[in-house]
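See structure below.
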Amino acid sequence: MTVQLGIPQPREEGSPGPGTSGPPQLPGRPAGRAAGLVDRYGRRATDMRLSLTDKCNLRCTYCMPAEGLEWLAKQAVMSAEEIVRIVRIGVDLLGVRELRLTGGEPLVRADLLDIIAALRQAHPDLPISMTTNGVGLDKKAAGLKAAGLTRINVSLDSLHEETFAKLTRRPFLNRVLAGVDAAWAAGLGPVKLNAVLMRGLNDAESPALLAWALGRGYELRFIEQMPLDADHGWTRRDMITAAEIRELLSADYVLSPDPRARDGAPAERFEVRHRDAGTARATGPALGTVGIIASVTEPFCSDCRRTRITAEGKIMSCLFSREEVDLLGLLREGASDGQLAERWQDAMWIKPKAHGMDHVGLDAPDFVQPDRSMSAIGG
Ligand code: SAM
Ligand code: SF4
């Protein structure tokens, strides 16, 4: 659902501003508003996730259907200039402090390097990271670094060709592995790896995946599977919970809480040590860290600092929000930076308190999964 927000504050340049007509359908922000992207519950969004495209060259079972989705028309997707302007408004007017580029698959966007270079020129000190499936990264990593990308996250669910191909429906494991190593060699570290565990497919592989990542100095993060698949096949019964992940890893490792502050990060980090088979105690020095993103069973909504922009320029205050607020449409109508900033603030003001996924019986008939799949939101 795209929401028309009323903007109750006086307008900057005469009134009313473009695209702001119509009665408010959701509670507006009170007058005398705070600066930045704050919501009704006192949270402040400083971490921007921006989707560059809805297109992708993999078909991960937990995200896309086998036949793909109908792609957005080129005209509907934000241009490079529009992206740069929206990021500038976020950073200069609204307190955004870090940017993650995502998709769909950001590497399939032909003007990716130009976008990153322009963002870097406008914001010399902004941390700009990117989440990618890694296909083609081996050839692009050095260029991404030169353009100004700070760091990279690569999704990697399995080290076995057959399992990888089952999960992603494409036989590209070796290309992804080459991409991960190229990213590290290009200086795009610390390299973080994202893995979604699927029951009976790659869950048993989790200790081996961690061993591989630790051995190369990459930080692996396990993400609980969320009900954001286009096939609507998610069930609570089938998902691998954070508690199960910790149990699976405990066969080989002892995890202890990372003493560094979590600081709003989705991943809870643990220091990893070998487990002595006889005593079941930790042995030897810390081997590195592992992260667990327990969005479903141990949600972190109360400290969420994210604001999301989809590839067609819609603001989503939460992955599970059923409301989207059109920023790009307003921009294309000729709105000023101030008007766009206000609409963004209004959209974040109505951010839900929590996604509600932790409720028992989520896969009961009354649970309504969001319309968009993860690839169409920008994870
Ligand atoms: N295509 C890129 C990639 O796969 O890294 C970027 C976009 S993808 C939507 C971003 C992240 O979302 C990936 O790490 C992917 O594993 C994760 N993801 C996708 N669908 C998910 C789901 N249903 N539950 C949990 N994580 C999911
Ligand atoms: Fe594509 Fe990423 Fe979704 Fe996999 S998770 S289908 S790589 S967008």
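The values are calculated or read from the model by the stated rules, or taken from the named source; none is laboratory data. Bear in mind the structure is a predicted one, so any value in this text is a computation, not a measurement. FYI the Cβ positions are ideal-geometry reconstructions off the backbone, even for glycines, and counts take in every protein chain you see. Protein only, heavy atoms only, side chains kept; ligands, DNA and RNA dropped before computing areas. Shrake-Rupley method; radii C 1.70, N 1.55, O 1.52, S 1.80 Å.
Among the listed residues Arg97, Arg151, Arg85, identify the single one that is closer than 24 Å to Glu224 by Cβ and either among the basic types (Lys, Arg) or at pLDDT below 95 (or both).
Just a single option satisfies the conditions, and that option is Arg151.
Each row is one residue, and each column tells you yes or no for (1) within 16 Å of ligand 1 (Cβ to nearest atom); (2) surrounded by fewer than 16 Cβ atoms within 10 Å (Cβ to Cβ).
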| residue | (1), (2) |
| --- | --- |
| Glu82 | no, yes |
| Val91 | no, no |
| Val96 | no, no |
| Pro106 | yes, no |
| Arg109 | yes, no |
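So, in segment 106-130, how many residues would count as being part of a helix (DSSP H, G or I) and either of a type in the set (A, V, I, L, M, F, W, C) or closer than 15 Å to Ser79 by Cα (or both)?
12
Away from ligand 2 (no atom under 16 Å from the Cβ), open to solvent by less than 50 Å² (accessible area, probe 1.4 Å), within 30 Å of Leu149 (Cα to Cα) and modelled with pLDDT under 95: which single residue out of Ala213, Ala261, Ala267 fits that description?
Step by step, each of Ala213, Ala261, Ala267 is checked, and only Ala267 is away from ligand 2 (no atom under 16 Å from the Cβ), open to solvent by less than 50 Å² (accessible area, probe 1.4 Å), within 30 Å of Leu149 (Cα to Cα) and modelled with pLDDT under 95.
Failed condition for Leu94, given (1) more than 16 Å from ligand 2 (Cβ to nearest atom); (2) out of contact with any Phe, Trp or Tyr (no Cβ under 7 Å at 6 or more places or on another chain), with all others met?
Status for Leu94: all satisfied but (2).
Just give me the residues in segment 210-225 being part of a loop (DSSP other than H, G, I, E, B) and aromatic (Phe, Trp, Tyr), in sequence order.
Tyr218
Scan segment 168-192 and report the pairs whose first residue is more than 15 Å from Leu144 (Cβ to Cβ) and whose second residue is of a type in the set (Gly, Ala, Ser) and in a helix (DSSP H, G or I), with Cβ atoms within less than 6 Å and a gap of 6+ or a chain change.
Once the first residue is more than 15 Å from Leu144 (Cβ to Cβ) and sits in segment 168-192, its partners that are of a type in the set (Gly, Ala, Ser) and in a helix (DSSP H, G or I) give Pro171/Ala165.
For Glu312, are the conditions met, namely being at pLDDT 85 or above, within 16 Å of ligand 2 (Cβ to nearest atom) and open to solvent by 20 Å² or more (accessible area, probe 1.4 Å)?
Against the criterion (at pLDDT 85 or above, within 16 Å of ligand 2 (Cβ to nearest atom) and open to solvent by 20 Å² or more (accessible area, probe 1.4 Å)), Glu312 qualifies.
As an exercise: evaluate Gly19 against (1) modelled with pLDDT of 95 or more; (2) crowded, with 20+ Cβ neighbours inside 10 Å; (3) away from ligand 1 (no atom under 16 Å from the Cβ) and give the number of the one condition it does not meet.
(1)
Out of the strands (runs of 3 or more DSSP E) lying entirely within segment 226-331, which hold 3 or more residues that are of a type in the set (Gly, Ala, Ser) and over 28 Å from Leu58 (Cα atoms)?
Once the strands (runs of 3 or more DSSP E) in segment 226-331 are filtered for at least 3 residues that are of a type in the set (Gly, Ala, Ser) and over 28 Å from Leu58 (Cα atoms), what remains is 282-293.
Checking Glu67 against (1) away from ligand 1 (no atom under 16 Å from the Cβ); (2) assigned to a helix (DSSP H, G or I): exactly one of these is not met. Which one?
(2)
Before we move on, is Arg85 closer than 24 Å to Ile350 by Cα, assigned to a helix (DSSP H, G or I) and not small (Gly, Ala, Ser)?
yes
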